[in-house]
1. Is one or more of the residues making up segment 146-160 charged (D, E, K, R), touching an Asp or Glu at 6+ places or on another chain (Cβ under 7 Å) and touching a residue at least 12 places away in the same chain (Cβ under 8 Å)?
2. Any residue that is touching a Ser or Thr at 6+ places or on another chain (Cβ under 8 Å), of a type outside the set (A, V, I, L, M) and more than 26 Å from L162 (Cα to Cα) - is there at least one of those in segment 30-53?
3. Go through the residues of segment 156-169 one by one and say whether even a single one is closer than 30 Å to A88 by Cβ and touching a Phe, Trp or Tyr at 6+ places or on another chain (Cβ under 7 Å).
4. Is there any pair linking a residue in segment 40-61 that is over 13 Å from Y5 (Cβ atoms) to one that is part of a helix (DSSP H, G or I) and among the hydrophobic types (A, V, I, L, M, F, W, C), with Cβ under 9 Å and at least six apart or on different chains, and which?
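Any read-out appearing in this document is the output of simple, stated calculations on the displayed coordinates, not a laboratory observation. Quick caveat: nothing in here was measured; it's all calculated off a predicted structure. All Cβ positions, even for glycine, are placed from backbone atoms using ideal geometry, and neighbour counts span all protein chains on display.
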Amino acid sequence: MELGYWALRGLGEPSRLLLRYKGVEFKDATIPLTDEGAGKWFGETKENLGLDFPNLPYLIDGDVKITESLAIIRYLGRKFDMMPDDLAKGDMMELVIQSQRMDLGKISYSADFENLKEGFITKLKVFLERFAKFVVKPFIFGSKVTYIDILAYEYLDHIRALTPESFTGEVSEYMQRVADLPNIAEWLKSEECTNKTYTINSPKAPGWPGFPNKA
């Protein structure tokens, strides 16, 4: 299995984290954030992987070759029995979480970041209150860890890096339960953990790149 994405957390990290949680050996086809890395991806690799709609992230699993971050993590959820029993609510929560990450991206890549940040945090407070009420402990849909837990943990961790004071109480406790899962806990504590070196957004994001330990 091969998962390709830039050398940053961004939209590729949830699927990387899911594979690590499941203990899957995979090729982490990381593309360096350099002129050479970008040149090789756009000039050589992108159009030569047999992808129907070449993009990043991409996943190759035998004959399966797909792109788009949500399609990839949903495929992995089916493959590794990590789908919620309530598929309708699962679809909803997947998109609700994705929407929060997209909102973070919009302000992070804006030169008007400082003026947009306050409004983002105000809306976030409402979302987190609703999220806390929705979660059926210990995980979003009860005792079963689903791919949506991995998606939610990773994307909420991106947002937490920006505004750690927003994460308290039940939401913080939920995130800690995910962080304490086998393989995830070991990964987060390891020297190889790329959270310690990768930015959350592009290092060139004009608003907020999300440098490690520089929230």
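1. The answer is yes; a qualifying residue exists.
2. Scanning segment 30-53, I find at least one residue that is touching a Ser or Thr at 6+ places or on another chain (Cβ under 8 Å), of a type outside the set (A, V, I, L, M) and more than 26 Å from L162 (Cα to Cα), so the answer is yes.
3. Yes.
4. These pairs meet every condition: D61/L76.
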